[in-house]
Every structure is written in structure tokens, then in C-alpha cells.
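Heads up: the structure comes next, in C-alpha cells.
The values are calculated or read from the model by the stated rules, or taken from the named source; none is laboratory data. Computed from a predicted model, the values in this text were never measured in an experiment. Glycine gets a Cβ as well: all are built from the backbone with ideal geometry, and neighbour counts include every protein chain shown.
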Amino acid sequence: MRKGAEVIMMHGAGGEVMGELLQTLTAFKHNNAGGIGLESLDDGSTFEIGGKIIVLTTDSHVIKPIFFPGGNIGRVAVSGTINDLAVMGARPVAMTCAMVIEEGFSIDDLEKIVASMDEALGESGASIITGDTKVVERGSLDGIVINTAGVGVVDDGSYLIRDKGLVPGDKIIVSGTLGDHGLAIITHREGFDLGDQLRSDVAPLYAMIAAAIRAAPKGTIHAMKDPTRGGFAACINEMARKAGVKVVVDQESMPIRENVAAAGGLLGIDPLQVANEGKCVIGVSAAAADAVLAALKKHPYGREAAIVGVVVDGIGVVMKTRIGGERFIEPPMGDPVPRVC
Ligand code: MG
């Protein structure tokens with residue numbers, strides 16, 4: 001980046017602008033431990049121990065507000081890390097938790113946050129086995145920052161899944177409705193009363209994803225990613241770009257809740273560009289798509305899963321609209337809702 005430049009909020013928004021900052025932040029010469037390294041910018045990285053592929057990922061959480069409809073920062077801190085492991089085909093095993101807390105923070109709230117984290121751990125089978133706590137002066141931090149790191153293992157019944165593996169002919173599946181988290185956060189933060197409460201989708205997806213992997217022949221899931229910051233639009237563009245393919249999605253089949261679409265329309269926010277915290281995007285060979293879809297739909301977090309598109313030769317992401325037109329789904333410059341995870 002140019003000399004003298006400063007960090008701006010868009011640098012943390014998961015879009016094209018963030019990519020510029022990452023060029024600075026990933027300029028390590030030592031960035032690979034013999035597997036997938038930092039340069040891949042995948043959901044996690046890998047190394048091998050005793051012939052087993054180990055997946056490692058980390059995430060800091062600065063979500064505002066700390067409590068919101070459908071969850072709180074603790075549930076996001078565990079689920080986000082679990083999901084980054086799960087979309088790579090790994091079983092989450094152990095996690096770390098580091099908290100930086102502002103003086104004056106409510107102990108009752110901390111208890112609630114820890115209880116939510118524990119609940120999400122219970123759902124995913126992982127444990128937090130080490131942590132760190134720091135307290136800073138009142139005013140030097142907005143409440144609390146939680147960092148988690150997670151270690152997972154690719155079991156024999158599973159296989160390593162990248163975000164760059166799409167091939168022409170694949171079907172694109174989304175595991176449920178899009179835009180719920182981002183629009184729940186922004187409407188709650190800004191105090192909009194839309195009558196019908198929007199709820200975050202935040203959830204740990206390991207059990208659902210493991211079932212989907214087991215449901216189809218080994219290797220037929222070619223790519224997977226969780227559409228967090230920048231939403232489905234950023235996620236699918238990144239997947240298409242990394243694989244050097246074109247994705248054609250069908251607006252009609254895209255699952256978006258009516259109240260999410262309505263809130264998005266009112267606020268001028270595209271539900272496809274805001275974060276999800278309990279969804280995954282899957283590229284699967286056409287022959288295995290129905291089996292994967294059926295397995296997702298059997299799980300409570302995947303009930304509204306849908307096949308939304310196909311992979312073809314070319315570049316970019318195109319959406320066939322309801323009225324029979326076509327438009328590009330552009331990668332957003334950044335998620336329009338800041339501090340969402
Ligand atoms: Mg991810």
C-alpha cells in the first residue's frame with residue numbers, strides 16, 4: 001500500500017478493499033508449514049502430523065452489539081472457528097480462547113457469553129483447552145474482543161476440501177437462507193422496529209457438514225466455504241476466481257427470508273453482500289448433488305438448503321433474474337455492515 005496510508009473500516013470488511021490490506025499483513029517469508037499456507041487465504045491452513053492432515057484456523061471477534069437476536073459474541077466466536085474447520089472437511093478437536101476485556105464490563109454478561117460458547121462447543125464436539133485474559137482501561141476498547149483458534153483433523157471418512165476446487169459441471173448448493181446475520185445485526189444495532197424480528201443464523205455447522213460429506217462418494221464435494229463477511233457475493237466470487245471458472249446462479253432458487261429481503265430493500269443493503277454465520281456454500285459434482293442436498297435438509301441448520309447454480313467455463317458470477325435477464329453478482333468492495341463478526 002502507498003506510504004503514509006492509514007487503516008480504514010473498509011479494510012476489515014471482507015471485500016476487495018480488505019484484499020489490499022492483506023497484501024501487507026500476509027507479507028511473511030515464513031508462511032507455510034508444509035501444507036496449505038497463509039498465501040492461499042483459504043478458511044484455514046494445514047500441516048501434517050503422523051500422516052494425518054491437521055487444519056488450523058483463527059478468528060478475532062469484535063461484533064457490535066455483543067448481544068443480538070439469535071446469539072451473542074460468544075456463539076459467533078466458537079461457531080465461526082468451528083465452521084472454518086468444518087468447510088475444509090476437518091473435525092474440530094480443540095480450541096483456544098483469548099479475551100481482551102474493557103474495565104467495567106459486566107461479569108453477568110461474561111457468564112452469559114461463556115455459557116453460549118459452551119453450548120456451541122457441545123454441539124460441535126470440540127473443547128476449549130487453553131486461553132488468555134487481558135483487561136484494558138475503560139475507554140480503550142469497546143467492551144470485549146474475543147479471539148479463538150481451532151485445530152481440526154481430517155478423519156479417514158472425510159477428505160480435505162478447498163475453497164478453490166470448483167470445476168465446470170459442478171452444482172452450487174447453499175445450506176440455507178442468506179443474509180440473516182448481517183441484517184439482524186444492523187437492524188438491531190440501529191434500533192429499527194420492522195415488526196417482524198430478524199434473527200441471526202449463527203450456528204456451529206460441523207455435524208451438518210460431516211453428514212453432507214458422508215452422504216456422497218468420497219471426493220465428490222469439490223469446494224466449500226462459509227459466506228461470512230461480504231456474504232454470498234464475496235464468497236462465490238472468491239470461489240469462482242480461485243478456480244478460474246464461471247458460476248451461474250438462479251435468483252428464483254436463492255433462499256432469502258421475506259423479512260430479510262424487506263429489511264434489505266428498506267435499508268438499501270443487498271442480502272447477498274452481508275455476512276452469514278451459520279451457512280456454507282458447496283460445489284459438488286452433479287451426480288452427487290441430490291445426495292448432499294438431502295443430507296443437508298435432514299439437519300435442523302440445513303432445512304432450507306437449495307441448489308442455486310452451476311459451474312461453467314468462463315469467469316465471473318452471473319445471476320439469472322426472475323424476469324429472465326442476467327446480471328453480474330459483483331464481489332463487494334466490503335461488507336456494507338461493519339463489525340458483524
Ligand atoms: Mg471462512
Residue within the range 38-47 that is away from the ligand (no atom under 12 Å from the Cβ), modelled with pLDDT under 95 and aliphatic (A, V, I, L, M) present: yes
Residue match in the range 134-146 (condition: within 16 Å of the ligand (Cβ to nearest atom) and either surrounded by fewer than 18 Cβ atoms within 10 Å (Cβ to Cβ) or at pLDDT 95 or above (or both)): no
Which numbered condition Lys218 fails, given (1) touching a residue at least 40 places away in the same chain (Cβ under 8 Å); (2) touching a strand residue (DSSP E or B) at 6+ places or on another chain (Cβ under 9 Å): (2)
Hits in the range 191-205 (condition: surrounded by 22 or more Cβ atoms within 10 Å (Cβ to Cβ) and either touching a Ser or Thr at 6+ places or on another chain (Cβ under 8 Å) or outside any loop (DSSP other than H, G, I, E, B) (or both)): Leu198, Asp201, Val202, Ala203, Pro204, Leu205
Output for the range 289-341, where each listed residue is farther than 30 Å from Gly74 by Cα and surrounded by 20 or more Cβ atoms within 10 Å (Cβ to Cβ): Ala289, Val308, Gly309, Val311, Val317, Met319, Ile329
Residues of the range 84-119 satisfying the condition of being within 16 Å of the ligand (Cβ to nearest atom) and either without any contact (Cβ under 8 Å) to a residue 12 or more places away in the chain or closer than 20 Å to Gly71 by Cβ (or both): Asp84, Leu85, Ala86, Val87, Pro92, Met95
The one condition in (1) over 17 Å from the mean Cα position of the chain (by Cα); (2) at pLDDT 95 or above that Ser79 fails to fulfil: (1)
Some residue of the range 220-238 being farther than 19 Å from Val308 by Cα, more than 17 Å from the chain's Cα centre (by Cα) and either of a type in the set (S, T, N, Q) or surrounded by fewer than 24 Cβ atoms within 10 Å (Cβ to Cβ) (or both): no
Selection from the range 24-57 of residues that are surrounded by fewer than 17 Cβ atoms within 10 Å (Cβ to Cβ) and of a type in the set (S, T, N, Q): Thr24, Thr26, Asn31, Asn32
Residue count, the range 209-245 (criterion: among the hydrophobic types (A, V, I, L, M, F, W, C) and within 15 Å of the ligand (Cβ to nearest atom)): 9
Qualifying position, being away from the ligand (no atom under 16 Å from the Cβ), surrounded by 16 or more Cβ atoms within 10 Å (Cβ to Cβ) and more than 15 Å from Ile161 (Cα to Cα), among Val248, Val274: Val248
